[in-house]
Amino acid sequence: MSVDRENKIWTCLSGFILKLIAFATMTIDHVGAMLQMNVGENYALAIAFRVIGRIALPLFCFLVAEGLYHSKKPGNYLLRLGIMATVIAVAHIGIYYIPAFEGLDLRAYGNIFMDLLLGGLGIFLLKQKKWYLQILAAIPFLIGFGAFICYSLEEAGEMIIHWFPFFLRPQYHFYAIGLIMLFYIGHIIKNMYLDFYSSNSGIPVESLRDTQIERKAYNIIALGILITWTLILYLVGCMIPVEWVTWNVAIQNAAIVSGAFILLYSGKRGYNAKWFQYGSYLFYPLHLVIIFGIGLLIML
């Protein structure tokens, strides 16, 4: 087998395939959440579905980081995320105040598009040339950390935080926002590695761009980032008081499995027709309506 053939096998998943995997595992996760609501938190099949669902978030974070790293119009990318964050926020408000949905408390779920928007905004600021704008990239992360504090205090039964409403909070607080920004920083580390490789091999850095050397280097760095950041979240969950923990500490570690798909990423966008681009944004609210609509019918 030729080296070129081996390389193609080593990096064989396009962004399109990663997105499909993320959609599939996210849907499985939400089916598991619906089962827990109707059958019970400890229902074995529901737990299995929630474990599989941990694969989705890192893939979405990775795709957002890749999209913004390569995008020529990052403002448009952030605008789409902002529109979806607004739509989800309005939907959360409606569900919370509509009597028919009484008993369906969404305060613990947050707004996942706030995670993606804030992480993307962090990358946008990190890409700026002026240092004082780059420093502002800490703000999105601090917002995520603030959401973590709010969730923790409410979980412990200390208070209800009204000044930071649940529909504006990132769902995975600092974890997703930090992961998106770290995936971007991974490109900076990769570029440093290419400079080192060039100085030792005598190969010009420009000749290393868009090669398997660059792709494999970044995929491995991204895998290391995912493992490290997920373990940090695990340690945080183990060190803080148990009544403050708003996530399943052990199950969340399954997010590391998504690293196997990231390791196989080809760096190619893949299929990207307009209908799929916009359908990708609509899929999130539509699949939730269907899954939890079925759940509500079961409860009747």
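The values are calculated or read from the model by the stated rules, or taken from the named source; none is laboratory data. Predicted, not measured: the structure shown is a model, and the values here were computed from it. Positions of Cβ are generated from backbone atoms using ideal geometry, with glycine treated the same way; all protein chains shown enter the neighbour counts. Keep in mind that these areas ignore ligands, DNA and RNA; they rest on the heavy atoms of the full protein, side chains included. Shrake-Rupley method; radii C 1.70, N 1.55, O 1.52, S 1.80 Å.
Under the condition of being crowded, with 16+ Cβ neighbours inside 10 Å and aliphatic (A, V, I, L, M), which residue from region 72-94 is farthest from PHE124 (Cα to Cα)? Selected residue: ALA91.
With respect to GLY119, is the statement that it is over 23 Å from GLY67 (Cα atoms), in a helix (DSSP H, G or I) and of a type outside the set (Val, Ile, Thr) true? Considered against the rule, which asks whether it is over 23 Å from GLY67 (Cα atoms), in a helix (DSSP H, G or I) and of a type outside the set (Val, Ile, Thr), GLY119 comes out as no.
The number of residues in region 54-75 being within 12 Å of the chain's Cα centre (by Cα) and more than 20 Å from GLY224 (Cα to Cα) comes to 0. Pairs are defined by a Cβ separation below 9 Å, a sequence spacing of at least 6 or placement on different chains, a first member in region 257-271 that is in contact (Cβ under 8 Å) with a residue 24 or more places away in the chain, and a second member that is surrounded by 20 or more Cβ atoms within 10 Å (Cβ to Cβ) and part of a loop (DSSP other than H, G, I, E, B); the pairs so defined are VAL257/ARG54; VAL257/ILE55; SER258/ARG54; SER258/ILE55; PHE261/ILE55.
If the condition is being out of contact with any Gly (no Cβ under 8 Å at 6 or more places or on another chain) and either farther than 29 Å from PHE276 by Cα or polar (S, T, N, Q) (or both), then region 15-34 contributes only THR27. Checked against the criterion of being open to solvent by 80 Å² or more (accessible area, probe 1.4 Å), modelled with pLDDT under 90 and more than 25 Å from GLY267 (Cβ to Cβ), region 164-181 contains not a single residue that satisfies it. Residues in region 237-256 that are surrounded by fewer than 16 Cβ atoms within 10 Å (Cβ to Cβ) and part of a helix (DSSP H, G or I): CYS238, MET239, VAL242, GLU243, VAL249, ALA250, ILE251. For region 263-275, a residue qualifies if it is at pLDDT 90 or above and either under 23 Å from MET114 (Cβ atoms) or not in a loop (DSSP other than H, G, I, E, B) (or both), and the qualifying residues are LEU263, TYR265. The single condition among (1) in contact with an Asp or Glu (Cβ under 9 Å, 6 or more places away or on another chain); (2) farther than 21 Å from ALA147 by Cβ that TYR218 does not satisfy is (1). Inspect all residues belonging to region 141-156 and state whether any of them is at pLDDT below 90, open to solvent by 80 Å² or more (accessible area, probe 1.4 Å), in a helix (DSSP H, G or I) and not aliphatic (A, V, I, L, M). Scanning region 141-156, I find at least one residue that is at pLDDT below 90, open to solvent by 80 Å² or more (accessible area, probe 1.4 Å), in a helix (DSSP H, G or I) and not aliphatic (A, V, I, L, M), so the answer is yes. Among the residues of region 265-290 satisfying the criterion of being of a type outside the set (Gly, Ala, Ser) and buried (at least 16 other Cβ atoms within 10 Å of the Cβ), which is nearest to GLN212 (Cα to Cα)? Among those residues, the one meeting the criterion is TYR265. Here ILE225 does not qualify as free of Cβ contacts under 8 Å to residues at least 60 places away in the same chain, open to solvent by 60 Å² or more (accessible area, probe 1.4 Å), in a helix (DSSP H, G or I) and under 28 Å from ALA137 (Cα atoms).
All of PHE23, PHE60, PHE16 fail the test of being touching a Phe, Trp or Tyr at 6+ places or on another chain (Cβ under 7 Å), open to solvent by 30 Å² or more (accessible area, probe 1.4 Å), modelled with pLDDT of 95 or more and within 26 Å of LEU182 (Cα to Cα), apart from PHE16.
Can you find a residue in region 127-140 that is of a type in the set (S, T, N, Q), surrounded by fewer than 17 Cβ atoms within 10 Å (Cβ to Cβ), assigned to a helix (DSSP H, G or I) and more than 19 Å from the chain's Cα centre (by Cα)? The answer is yes; a qualifying residue exists.
Answer yes or no as to whether TYR184 is open to solvent by 40 Å² or more (accessible area, probe 1.4 Å) and assigned to a helix (DSSP H, G or I). No, not satisfied. What about ARG215, is it out of contact with any Leu (no Cβ under 8 Å at 6 or more places or on another chain), of a type in the set (D, E, K, R) and more than 30 Å from VAL87 (Cα to Cα)? In short, yes.
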